[in-house]
Every structure is written in C-alpha cells, then in structure tokens.
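Chemist: For reference, the structure I am asking about is given below.
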Amino acid sequence: MLAELTHRCPLRCGYCSNPIGRHSRSSELTTQQWCQVFEEARELGVLQVYFSGGEPLLRRDLAGLVAHARRLGLYTSLITGGQGMSADRLADLVASGLDHVQISLQDADAAVADAIAGRAAVHRRKLTAARLVKEVGLPLTLNVVLHRANIGHTRDLIDLALRLRADRLELANAQYYGSALLNLPALLPNRAQLDAAETLVQEARNTLAHRLEIVYVRSDLHDGVPKPCMHGWGSRQLTVTPSGDVLPCPAAARIPGLDVPNVRQAALADIWFHSAAFNRFRGTAWMPEPCRSCPLKEDDHGGCRCQAFQLAGDPAATDPACRLSPHHALVRTLLQDAESAPDTLPYRA
Amino acid sequence: MTCWRLRPGVRLIHDSVRDAGVLLHPDGVLILNETGARVLALCDGNTDLVTIADALSRAYDAVPLHDLRDFLDALARRRLIERAHP
Ligand code: SF4
Ligand code: SF4
C-alpha cells in the first residue's frame, strides 16, 4: 500500500501528479488513525508500506509510524525528496526498522535539477541524503521522472547513481496527469530522445548488472501500446491519502463520480472488497470494445483509467494510448506537437 | 564451499494471513512455497549447499543438488540473495 502521509511538499516540480493544495495539515490523519490503518492493512494481507507524500519527512511522527508498521511485520519504504533528511532523523528511522529508502532526483545537473524542482540547493541536499542512506547501510533506490529537459542526461544519471552507490535506479517516463498534463507540450520528449535513452539503458544494464539494477518505465504514448494498469484495478494495490481517502490508484482522485471511500467511515477490508470505487474497474466485465474482445485485456487491463478520462473524457474508455482506441488520434496529435515544440523547462503551473 | 545470504534490505517473514513464507524486498514480495521458505531460512551466510540439501532431504524426498542450485541462482539474478564467504 501507498501511505501518502501528507500532501505538503517543499518542492514544486512541473510534472508532479499530486493534487495542488487540496489537503491542509489539519485534515491529515492522526498518528493513531494511521496506526489503525496499518493494522487493518496487515490483516487484509498487505505486506509492504510505502511512506510517501508530498514529503513524508514533514510528518514529525514518521519514525513512530515506521516502527508500528514494522512491528506488524510490514516492509517499510520511505519515498522522499530528501529535503530535511539529517543524520539524526535517519538514525531514528533506522532504529524504528526502516527497510529501504527511495530518493527522487530531478536531474544529474544541479542547476537544471533545481530549476525543475523550483528551489535552490535542492539537488545538493538530495545528494547528501543519498550518502547518508548508504552510510547507514540501507538499500537505496534513486527515482528520476524523465521528460524533455532531462532525458538527454540519461548517461549522467546512471553515472551519478554509480557514484552514490545506489542499488536501484528507476528511470520513469513522466505520466501526464494533473499539472503535468497542462505542461505536456513542454514535457514530452521526441522520438529521437526516447530512442537514445533506451539504447543507453540497455547498454548499461548489460555492463552493470552486478552493481546497479536499472528499472526503465517506457513512455506509453509513443508506441501505441498502453501500459498495464497495475496488476489490475483493485487487485494488489491501494493508496491511502493524507485525509484517509482510499484509492485503487494514486491518481484516481480525479476520476469523476468515483465515490471515494474513507478510513474514517469504513473498515479497510470493507472498502477493499465492497466499495463501489474498488469494484468499478475490477476484472474485465466493465470493458467496452475494443478491449472487451481483445486478447490482451488480461495483460494490460485496458490501460490507464486516468489517461482515458483526461484524454477521452471517459474513464471507462479504452486507453487512448492504445493504437486500437477510437481516440488514438488525440495521442498522435500530441506527439506531433511534441516533435516541433521548443526545449523549455517545465515549471509547475 | 558456497554459502548464501539474503541481500541487505531483503527480509524473510512468515505471513500469518497467507500461512506462507514471504520474501520482502525493495521492489515487492515473493510468496514462497514450503520448500522455498525452508531453503531461504538456511541462507544465513554459514550453511553450504550440501548441508541445505541434506536438511531438505530429511524433511522431504531427496532434493537434487542441481535443482537447489538453479533455485538459488535465479534468486541471485533477481538480486534477492548473494554469496557469502564465511
Ligand atoms: S484494446 Fe484494450 S485490451 Fe487490447 S491492447 Fe488496447 S487497451 Fe489493451
Ligand atoms: S489508472 Fe492509470 S495511473 Fe492509475 S494505476 Fe491505473 S495505469 Fe496507473
């Protein structure tokens, strides 16, 4: 499960898909409420908690929450932007049983990275945080969202991951929801940029297999093949937002008419098995054509519901990224615009 | 003598909900069958392959050494276990 402890965040990344200013501190679940959520999650069979945000380090009770989750037997990962990570803070988290840390980077180049994050000295603090994590011996994942302004630096990002002794590097092409969708023409890489990055990743994987695991998340817009929606809607994952809303997908809050359940009103198991939100796109019965009669429907689950809504206006439509979708022309137009768009840096709208 | 141990950040637990051994790691989970869980419990950095095979053979029918080796190699490729030098 993804535990979004807070939506407060010191950074302002142009591709961030979190809702802007939707939650204030006062509407966040309390320590006790989160502990209860973790207990119910473990009883339901959940094995992993990703502490995320916003910036989870902004929750002063983070170490206590990690300790509680760990006592229940859950694997605990911290997903952080690295700001506000100190040796003391990390020591507390290690003592609480934290298993793994993932730090997001904007770029390999400090000036570009800080421009993307919308604040000075962000990159330097991230590097410090990464070194601290390795010093205490925790596994470190670096995560970079790829877009037009940084995809050309793929080689540098791999080198940086090696210098920081990271265990995993995730290079994920941006997904275009929320403010990222508004910035799409400035963010979307062109075909040549994508091909160059993919070649580099393949080479690095072959030569570095024993030192660094590189996870590459391709762009689903460029090749007519939708990305699978998790392991299926309401199949293995759930997200709890700062205010206790429970979502089948971290971006699902913007799907209209979802009737989002909340842990303050219902038990997690009840939400998982019986809520309308978790059943809405479960299985394959909801699918329209062409998915309904497509042999790939069990593999990609019809693609992304959020993308279907944002691009085609209907969350139950076949993902427009799929070349079989009746709305696929929309994606082609976006790609053509991207081929001719100028190289500008994406700032948050 | 080859001994194996779990890589840092990888944990073996018994999940009471599924009543199964589970390997937890940064990128996800691996749900184990009974034999797999028993093998991994012996990947403590001090127990060599032959000793693990012996222990299994006492609990089950004889386990061929090469099957065991394949299983462990596959886990090593997924970066879940590593060689230890006691
Ligand atoms: S038609 Fe639907 S199921 Fe088939 S590939 Fe496209 S999105 Fe996937
Ligand atoms: S709906 Fe889209 S964003 Fe949400 S989990 Fe599925 S693929 Fe991901």
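Chemist: Of the residues that make up segment A:261-268, is at least one in a helix (DSSP H, G or I), crowded, with 19+ Cβ neighbours inside 10 Å and away from ligand 2 (no atom under 14 Å from the Cβ)?
Modeler: yes
Chemist: When you go through (1) in contact (Cβ under 8 Å) with a residue 60 or more places away in the chain; (2) within 14 Å of ligand 2 (Cβ to nearest atom); (3) crowded, with 18+ Cβ neighbours inside 10 Å one by one for A:Pro242, which number turns out not to apply?
Modeler: (2)
Chemist: Let me ask another. Of the conditions (1) surrounded by 19 or more Cβ atoms within 10 Å (Cβ to Cβ); (2) in a helix (DSSP H, G or I), A:Ala149 fails just one. Which one is it?
Modeler: Unmet for A:Ala149, out of (1) surrounded by 19 or more Cβ atoms within 10 Å (Cβ to Cβ); (2) in a helix (DSSP H, G or I): (2).
Chemist: Say whether the condition of being away from chain B (no Cβ under 14 Å), away from ligand 2 (no atom under 14 Å from the Cβ), polar (S, T, N, Q) and in a loop (DSSP other than H, G, I, E, B) is met by at least one residue in segment A:287-305.
Modeler: no
Chemist: If you don't mind, there's one more thing I want to ask. Give me a count of the residues in segment A:130-143 that are under 20 Å from the mean Cα position of the chain (by Cα) and open to solvent by 40 Å² or more (accessible area, probe 1.4 Å).
Modeler: 0
Chemist: Let me ask something additional. Is it the case that segment B:69-86 has a residue that's farther than 16 Å from B:Arg7 by Cα and open to solvent by less than 80 Å² (accessible area, probe 1.4 Å)?
Modeler: No.
Chemist: Check A:Ile103, A:Ile158, A:Ile116 and return the single one that is crowded, with 21+ Cβ neighbours inside 10 Å, at pLDDT 95 or above and more than 17 Å from A:Ser77 (Cβ to Cβ).
Modeler: After ruling out the rest, the residue left standing is A:Ile158.
Chemist: Let me ask something additional. Does A:Leu200 satisfy the criteria of being closer than 30 Å to A:Ala91 by Cα, of a type outside the set (Phe, Trp, Tyr) and part of a helix (DSSP H, G or I)?
Modeler: Against the criterion (closer than 30 Å to A:Ala91 by Cα, of a type outside the set (Phe, Trp, Tyr) and part of a helix (DSSP H, G or I)), A:Leu200 does not qualify.
Chemist: Only one of these is closer than 14 Å to A:Ile103 by Cβ and surrounded by 16 or more Cβ atoms within 10 Å (Cβ to Cβ): A:Leu127, A:Leu187. Name it.
Modeler: A:Leu127
Chemist: For the structure I just gave you, tell me whether B:His14 is modelled with pLDDT under 90, more than 11 Å from the chain's Cα centre (by Cα) and open to solvent by 70 Å² or more (accessible area, probe 1.4 Å).
Modeler: No; evaluated as a whole, the condition is false for this residue.
Chemist: Now, a different point. Give A:Gly244, A:Gly313 a once-over and let me know the one that is under 23 Å from A:Ser52 (Cβ atoms) and either modelled with pLDDT of 95 or more or more than 9 Å from ligand 1 (Cβ to nearest atom) (or both).
Modeler: None of the others qualify; the one that does is A:Gly244.
Chemist: Tell me, which residue of segment A:24-45 that is outside any helix (DSSP H, G or I) and without any contact (Cβ under 8 Å) to a residue 60 or more places away in the chain is farthest from the other protein chains (Cβ to nearest Cβ)?
Modeler: If we take residues in segment A:24-45 being outside any helix (DSSP H, G or I) and without any contact (Cβ under 8 Å) to a residue 60 or more places away in the chain, then A:Ser24 is farthest from the other protein chains (Cβ to nearest Cβ).
Chemist: Here's a follow-up. Listed residues A:Gly84, A:Gly97, A:Gly14; which is surrounded by fewer than 22 Cβ atoms within 10 Å (Cβ to Cβ), at pLDDT below 95 and touching a helix residue (DSSP H, G or I) at 6+ places or on another chain (Cβ under 8 Å)?
Modeler: Answer to the check: A:Gly84.
Chemist: Tell me which strands (runs of 3 or more DSSP E) are completely within chain B and hold 1 or more residues being away from chain A (no Cβ under 14 Å), or say none if there are none.
Modeler: Where strands (runs of 3 or more DSSP E) fall fully within chain B and carry at least 1 residues being away from chain A (no Cβ under 14 Å), they are B:3-6, B:44-48, B:81-84.
Chemist: Suppose we keep only residues that are outside any loop (DSSP other than H, G, I, E, B), of a type in the set (A, V, I, L, M) and crowded, with 21+ Cβ neighbours inside 10 Å within segment A:46-64. Which one would you say is nearest to the other protein chains (Cβ to nearest Cβ)?
Modeler: A:Val49
Chemist: If you don't mind, there's one more thing I want to ask. Would you call A:Gly283 of a type in the set (Gly, Ala, Ser), surrounded by 14 or more Cβ atoms within 10 Å (Cβ to Cβ) and within 11 Å of ligand 1 (Cβ to nearest atom)?
Modeler: The answer is no for A:Gly283.
Chemist: Answer yes or no as to whether A:Leu324 is open to solvent by 10 Å² or more (accessible area, probe 1.4 Å) and free of Cβ contacts under 8 Å to residues at least 24 places away in the same chain.
Modeler: Considered against the rule, which asks whether it is open to solvent by 10 Å² or more (accessible area, probe 1.4 Å) and free of Cβ contacts under 8 Å to residues at least 24 places away in the same chain, A:Leu324 comes out as no.
Chemist: What's the number of the only condition in (1) within 14 Å of chain B (Cβ to nearest Cβ); (2) in a loop (DSSP other than H, G, I, E, B); (3) more than 17 Å from A:Glu170 (Cα to Cα); (4) more than 16 Å from ligand 2 (Cβ to nearest atom) that A:Gln237 fails to meet?
Modeler: Here A:Gln237 meets the rest and fails (4).
The values are calculated or read from the model by the stated rules, or taken from the named source; none is laboratory data. Remember, predicted model here, so these are calculated numbers, not experimental data. Glycine also receives a Cβ, built like all others from the backbone with ideal geometry; neighbour counts cover every protein chain displayed. Heavy atoms of the whole protein, side chains included, go into the accessibility calculation; ligands, DNA and RNA do not. Shrake-Rupley method; radii C 1.70, N 1.55, O 1.52, S 1.80 Å.
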